[in-house]
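Have a look at the structure below, then the notes.
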Amino acid sequence: MALSSRQTNPTPTIALMLQGGGALGAYHIGAYQALAEHQLHPDWVAGISIGAINAAVIVGNRPEDRVERLTQLWEAISWPDLPTGLALTPWLTLHNIASNAEALLLGQPNFFSPRPINPFLVPRAAPQEVSFYNTSQMLFTLRRFADFSLINGGTPRLSLGATNIATGDLEFFDNHQQTIGAEHVLASSSLPPGFPATPAGGKLYWDGGCVSNTPLDAVIDEPGHARMVVFVIDLWDAAGPPPQTINDVLWRAKQIQYASRTARQIDAAATKVNLRHAVRLLKAAGVPDVAAVSDDPVLTARRLDIVHIVYRPTADQIPNSDAEFSRRSIAARRAAGYRDMSAALAAEPWLRQELPAHLGALVHRVERAQVATRPEPNLRTMTDKPAAA
């Protein structure tokens, strides 16, 4: 699918990476809506945790129905809003605290519900029952909002990351390699200790975010894509000021825990592609030290553009925003995702940024509707001017 009215050669493969983050995943809806309005339908969607759920709904529906079905899913898994009082930050923060308390006490409709007996009072149980909440209703919700016959048709490609409990390894369920069912999606979303392990294919899995919260490696090592644009929708921002309140401490700790892995993964992925590009150039030039390097299908000429789109929470958000599903917050996060993806699509850095001859990859960071490009992963200087908000 073309990224612009201008011709590109070769036509890029478009990949959409959806990160985990619980209720923050509403940001994905707006980001995907902007893509859909530009008739930019991904060839490959990968997800972890809430990203796996959203990814399954995207791939499991026709392009013209995807935004509506995502909207309906999030309506189905959220309670009607509590009264908010005045539209001022303190009141909205109190509203969000109450909404989070509602989720912890009552669960979320069509998603998870509290177990009748606290697991601390249960001396021993089956692995798929050891948790604070029961998630079995999500299996029915997934089948309601995603057509698994479409998913298993193979187009677009779907990859879902989950943690194998027995090995501790991140594994990917892939509709090009196996039949995907609702249990595979739920396995990717089973974050302990809140959610129980989910059996799939005779193994038990937890949330992929236990190992890595961004499914980037699933696409970087795939041969045959000479030109690839990867949109990484990041729900956690590693950068932030030193905290001055205990709420700030809790918020920053959670952001750093999940986001730092993403930043390192993106840099590592770009570095890997750049190293492969350098080896290919050196082999073509006949440099003796690399002449003996065996040919690798991923050492083909490739340009990779990683568009790293980062959610930045507003002042009313709370440390437990990942478990705060109020419809007001869902709408705000969705609007932020739409704004930031729209800025990325307007700037088109993957088309306008020239790729230096010695590189195969560029990283374009988008946050708060501003776009900047790093010429090399280890350089922190942004070279592009910010796009208009």
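For this structure, a couple of remarks:
- In segment 41-76, the residues that are in a loop (DSSP other than H, G, I, E, B), in contact with a helix residue (DSSP H, G or I) (Cβ under 7 Å, 6 or more places away or on another chain) and surrounded by fewer than 21 Cβ atoms within 10 Å (Cβ to Cβ): H41, N61
- Test for F112: is it more than 22 Å from F172 (Cα to Cα) and open to solvent by 50 Å² or more (accessible area, probe 1.4 Å): no
- The condition (being in contact with a Pro (Cβ under 9 Å, 6 or more places away or on another chain) and of a type in the set (S, T, N, Q)) is satisfied by just one residue among Q108, Q39, Q33: Q39.
- Selection within segment 240-277: residues that are among the small types (G, A, S) and crowded, with 20+ Cβ neighbours inside 10 Å. The member of this set that is nearest to G337 (Cα to Cα) is A259.
- Some residue of segment 189-212 being under 13 Å from the mean Cα position of the chain (by Cα) and over 17 Å from T135 (Cβ atoms): yes
- Helices (runs of 4 or more DSSP H) within segment 138-251 that include 1 or more residues over 27 Å from R365 (Cβ atoms): 148-151, 182-188
- Conditions (1) open to solvent by 10 Å² or more (accessible area, probe 1.4 Å); (2) in contact (Cβ under 8 Å) with a residue 40 or more places away in the chain; (3) not in a helix (DSSP H, G or I); number of the one not met by T93: (3)
- The residues of segment 5-45 that are among the small types (G, A, S), in contact with a Ser or Thr (Cβ under 6 Å, 6 or more places away or on another chain) and at pLDDT below 95 amount to a single one, G20.
- Near pairs, Cβ below 8 angstrom, 6+ apart or cross-chain, from segment 133-151 (more than 19 Å from V59 (Cβ to Cβ)) to any residue that is in a helix (DSSP H, G or I): T135/L186
- For the residues R333, R327, R352, the requirement of being open to solvent by 10 Å² or more (accessible area, probe 1.4 Å) and at pLDDT 90 or above singles out R327.
- Annotation note: of D65, D81, the sole residue that is of a type in the set (D, E), at pLDDT below 95 and out of contact with any strand residue (DSSP E or B) (no Cβ under 7 Å at 6 or more places or on another chain) is D81.
- D237 open to solvent by 50 Å² or more (accessible area, probe 1.4 Å) and under 21 Å from the mean Cα position of the chain (by Cα): no
The values are calculated or read from the model by the stated rules, or taken from the named source; none is laboratory data. Quick caveat: nothing in here was measured; it's all calculated off a predicted structure. We place every Cβ from the backbone using ideal geometry, glycine too, and count neighbours over all the protein chains shown. We work out accessible area using only protein heavy atoms, side chains counted, and drop any ligands, DNA or RNA first. Shrake-Rupley method; radii C 1.70, N 1.55, O 1.52, S 1.80 Å.
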